[in-house]
Amino acid sequence: MTRPKIIGLTGSIGMGKSTVAAMFAEAGIPVFDADAEVRAMQGPGGALVPAIEAAFPGSTGPDGVDRDRLGQQVFADKAALARLEAIVHPAVAARRAAFLDAHHDKAAVVFDIPLLFEKGGHDSVDRVVVVSAPEAVQRARVLARPGMTPQKFEHIFGLQLHDSEKRARADHVIDTGTSLAETRAQVAALIASF
């Protein structure tokens, strides 16, 4: 049985990855959104809520995982973050495998994975597409988000591989420092090359 070409879509925070993922989806290419899967599994009645509560008491409630309370427990603790990842990553991998099985007859699928390089996922995709924008644009986008602070941004920025390194390792770069129409044209050209 053949499988679709797997496109790994990544980019640092605030680079426009979600916008580009939506453009792939609008063009009919199935998109697996790792972050959305995590949110679903950590939401009300989510599959990961009991394991997260057991590992991080007080981090969940009726609405599932309380991201602020969980963040306080793992924010600056690498060992705690590793424990959380050991709960979350296998569950996401299982959902990703089921997604691929469900779309086995497609020419291509997109795996939208923010930490594709950082967690070694680039080895399991056929092409890596990095979404990028100038650093000033990135910073402005991120700091405009509700609840975002310069300290949170710097922490997240520090956990991610630098954009220049991602660009150097990419098979394709989508520049979102342009207009939406220009970004859409870049996505269309890339899809045409599959």
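Structural remarks
- Verdict on ALA21 being at pLDDT 95 or above, buried (at least 20 other Cβ atoms within 10 Å of the Cβ) and out of contact with any helix residue (DSSP H, G or I) (no Cβ under 9 Å at 6 or more places or on another chain): yes
- Applying the condition of being more than 16 Å from GLY16 (Cα to Cα) and in contact (Cβ under 8 Å) with a residue 12 or more places away in the chain to the stretch 135-160 and asking which residue is nearest to the chain's Cα centre (by Cα) yields LEU159.
- Test: ILE174 is at pLDDT 90 or above, buried (at least 16 other Cβ atoms within 10 Å of the Cβ) and in contact with a strand residue (DSSP E or B) (Cβ under 8 Å, 6 or more places away or on another chain): yes
- On inspection, PRO44 qualifies as under 22 Å from the mean Cα position of the chain (by Cα), modelled with pLDDT of 90 or more and farther than 20 Å from LYS119 by Cα.
- Single residue of the stretch 60-101 satisfying the filter (closer than 19 Å to LEU9 by Cβ and without any contact (Cβ under 8 Å) to a residue 12 or more places away in the chain) that is surrounded by the most Cβ atoms within 10 Å (Cβ to Cβ): ALA93
- Restricted to the stretch 1-59, the set of helices (runs of 4 or more DSSP H) holding at least 1 residues that are in contact with a strand residue (DSSP E or B) (Cβ under 9 Å, 6 or more places away or on another chain) and closer than 30 Å to SER179 by Cα comprises 17-26, 34-42.
- Test: residue in the stretch 98-111 that is modelled with pLDDT under 90 and out of contact with any His (no Cβ under 7 Å at 6 or more places or on another chain): no
- Given (1) more than 30 Å from THR2 (Cβ to Cβ); (2) surrounded by fewer than 16 Cβ atoms within 10 Å (Cβ to Cβ); (3) touching a residue at least 24 places away in the same chain (Cβ under 8 Å); (4) not aromatic (Phe, Trp, Tyr), index of the condition ASP163 fails: (2)
The values are calculated or read from the model by the stated rules, or taken from the named source; none is laboratory data. Owing to the predicted nature of the structure, the values given are computational and were not obtained by experimental measurement. Positions of Cβ are generated from backbone atoms using ideal geometry, with glycine treated the same way; all protein chains shown enter the neighbour counts.
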